[in-house]
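Each remark here refers to the structure printed beneath this line.
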Amino acid sequence: MRIKTEELTRKFRVGSSEITAVNRVNLEINEATFIAIVGPSGSGKSTLLNLIGLNDQPTYGRVFIDETDASLISGRRRREIRLLRIGFVFQTFNLLPTLTVLENVELPLSLAGKSQEEQREKAMTLLENVSLGDRIYHRPKELSIGEMQRVAIARALANDPETIIADEPTGELDSKTAKETIDLLFDINRKRKTTVIVATHDEKIVEVADTTYTIIDGKLGLNTN
Amino acid sequence: MCLRNLFRRRTRTFLCILAIALATMSIVAIGATTSRYICIIKEMHIYFRGKVVVVSKGAIVIEAFPIGGFGSLPQSMAEKVQKIDEVENAVPMLFIYNIGGTLEAFPKNFTIGIPYGNWQVLVGPTPLKLGGHWPSAGSSENEVVVGSSLADQHNLTAGTKITVNGYNLKVTGVLDTSSAFLSRSIITSLDLVQEMYGYHMLINMIVAEPMKGVEGEELANKIEAEIENIEALTEEERIDLAQPLISDIETWVLGIRTLLFILSMIFVTTVAMMNISERRRDFATLDAIGAPKSFVFKMVITETGLMGLLGSIAGILLGSVAAILVASLYTGIPISLFFLSIFDITPPLLMLEILVSTVTVSCIAGVIPSIAAARMNITEALRAEY
């Protein structure tokens, strides 16, 4: 999945003033690359990821998914892309609290119309891959923070997406579990050839990324360090 | 998933279900009580079919029966009616509507006096239970036949001695009927009822059967033309007399039911709106992972529908019990006897109707919250949690 942006801009109105969260961003992300986007809090990282991940619509500019202009895609098709081709990992994991670990991972499979058996088999495999095979009937609140993040990653991988978008995935983790998460994302990128786009403050992610961009006040620049 | 979402906020869900249950309970209790009385009134349509009922002018009549103790007629009036050419047969009757106390609106039982041998004018083909017989004129005892509900309540069988209004009576038979009216009746000879209730040579209704080929209306007109200060009511007129009462009751019940449904709807909508505002991140997550809007919409509707379902089941159970309590309070029949015939008090069709209505109303109440949840701005919802 190739992602390209052209003059991508997102403005928000806060009270009477207007904030440009993402300002004329031109970006090209090739298949199977590991991209890190770094920048201080409020610099526009999450907004950029939401635009790339088709969660949000730009004020100006365009996002291309495999040469297709996303602004021309229907809302239904955008959802299908989010469901089948993009996996999201959130800083606060965003697991559904009333579902078990297994059900959380089964959910995208169920939404994709997979049979009950397929859902169960796939979710079990993914959870075993992230070393949570023995925690499948636990609720999110019964897990450690590191375990929750691994469940979130397993959920993001459920429909074998071509791209994983992770918004500060190590932001809530201690250094040990942060390293495990980074290793997991790196493995996914290298073994599955999945594009990984990470917004982060974490230097360790920057170290493993193929390309790092810096975003400050909505303006993106290639990090050459 | 929906059920778990609901029980994530136990207290609020419980209170919402309780409110629906209370509203449903009121609807069931009012509906069951009124429908039972409407049913009794309508059931009275079957009595004296094709015949003309003569009562005193100004008497309050429900269907064929004069109530309230007003408007008695001299017994000799029956002979006058009998003498009219178009009359095949005229049977005088004394109908006593026994209320338990001065403040009670509904009768505990009915006592009906009929001349010996004319019982079928009232009961038609209704048989007596095995071993019973109708009171006989030659008996030295005060013989009566009682309805099955009274017999069950007081454990009466043929041969049992009872005391009514200070008179010692002997039960000679039990009517084998499920009719709400006949099952609460004491039927005996006209002269005995006159004596027991102080109506010496008085009656309060005459049932006149027209000659073959004579229409009821024609006979009624003839009777009214020949005898003063009476009303001769045809079958249609008797039904018409009860109709405004039935319509009033039905209108009030409908009004109360609508009001309770609206209140339930407001309550469910409020609780559902509170729930979705607290679950913004969940909905945003569902949106981000590609869940269709219809999935979120259905989820919220199902949750409100479930609240309605649980509330209505609880309400129907409570309402049925409340209806029994009301019926028992008004009739003096022990609650235990009503439990055996719970589906007579709250008919299954009424239960089903209320269940379906409540679930439908709850689902409708979930429409606005469902739309709000499905239309939630994903980026704002995700950002708000960070």
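The values are calculated or read from the model by the stated rules, or taken from the named source; none is laboratory data. Since the model is a prediction, treat every value here as computed from it, not as a measurement. Cβ coordinates were reconstructed from backbone atoms using ideal geometry, including for glycine residues, and neighbour counts include every protein chain displayed. Remember, those area values only see protein heavy atoms, side chains included, never the ligands or the DNA or RNA. Shrake-Rupley method; radii C 1.70, N 1.55, O 1.52, S 1.80 Å.
Quick notes on this one:
- Qualifying position, being in contact (Cβ under 8 Å) with a residue 12 or more places away in the chain, part of a helix (DSSP H, G or I) and assigned by TED's automatic domain parsing to the domain that holds B:A29, among B:R238, B:R257: B:R257
- Filtering segment B:287-320 to residues that are hydrophobic (A, V, I, L, M, F, W, C), at the interface with chain A (Cβ under 10 Å from one of its Cβ atoms) and in contact (Cβ under 8 Å) with a residue 12 or more places away in the chain leaves only B:A288.
- Applying a threshold of 6 Å to beta carbon distances and a minimum spacing of six or more residues, or different chains, the list of pairs starting in segment A:91-108 at a residue that is more than 10 Å from chain B (Cβ to nearest Cβ) and ending at one that is of a type in the set (D, E, K, R) and part of a loop (DSSP other than H, G, I, E, B) reads A:V101/A:R135.
- Check on A:A70, farther than 24 Å from A:E142 by Cβ, crowded, with 18+ Cβ neighbours inside 10 Å and away from chain B (no Cβ under 11 Å): yes
- Strands (runs of 3 or more DSSP E) fully within segment B:131-218 counting 1 or more residues that are aromatic (F, W, Y) and without any contact (Cβ under 8 Å) to a residue 60 or more places away in the chain: B:167-175
- Residue list for segment B:39-53, restricted to those being in contact with an Asp or Glu (Cβ under 7 Å, 6 or more places away or on another chain) and either among the hydrophobic types (A, V, I, L, M, F, W, C) or more than 30 Å from B:L325 (Cβ to Cβ) (or both): B:I41, B:M44, B:R49, B:G50, B:K51
- Residue within segment A:83-98 that is open to solvent by 10 Å² or more (accessible area, probe 1.4 Å), at pLDDT below 90 and at positive phi present: yes
- Selection within segment B:260-278: residues that are out of contact with any Ser or Thr (no Cβ under 9 Å at 6 or more places or on another chain) and under 14 Å from B:G366 (Cβ atoms). The member of this set that is farthest from the other protein chains (Cβ to nearest Cβ) is B:I266.
- Restricting the search to helices (runs of 4 or more DSSP H) fully inside segment B:1-89 and requiring at least 2 residues that are open to solvent by 60 Å² or more (accessible area, probe 1.4 Å), closer than 19 Å to B:E217 by Cα and of a type outside the set (F, W, Y) gives B:76-83.
- Counted residues, segment A:1-35 - those being among the aliphatic types (A, V, I, L, M) and in contact with a Pro (Cβ under 6 Å, 6 or more places away or on another chain): 1
- Taking segment A:202-225 as the range and being open to solvent by 10 Å² or more (accessible area, probe 1.4 Å), touching a Pro at 6+ places or on another chain (Cβ under 9 Å) and closer than 15 Å to A:I35 by Cβ as the test, only A:D202 passes.
- All positions within segment A:202-219 that are in a loop (DSSP other than H, G, I, E, B), under 14 Å from A:K179 (Cα atoms) and over 15 Å from the mean Cα position of the chain (by Cα): A:D202
- Helices (runs of 4 or more DSSP H) within segment B:296-386 that include 1 or more residues more than 34 Å from the chain's Cα centre (by Cα), at negative phi and surrounded by 17 or more Cβ atoms within 10 Å (Cβ to Cβ): B:367-374, B:378-385
- Residue within segment A:192-199 that is closer than 25 Å to A:I81 by Cα and free of Cβ contacts under 8 Å to residues at least 60 places away in the same chain present: yes
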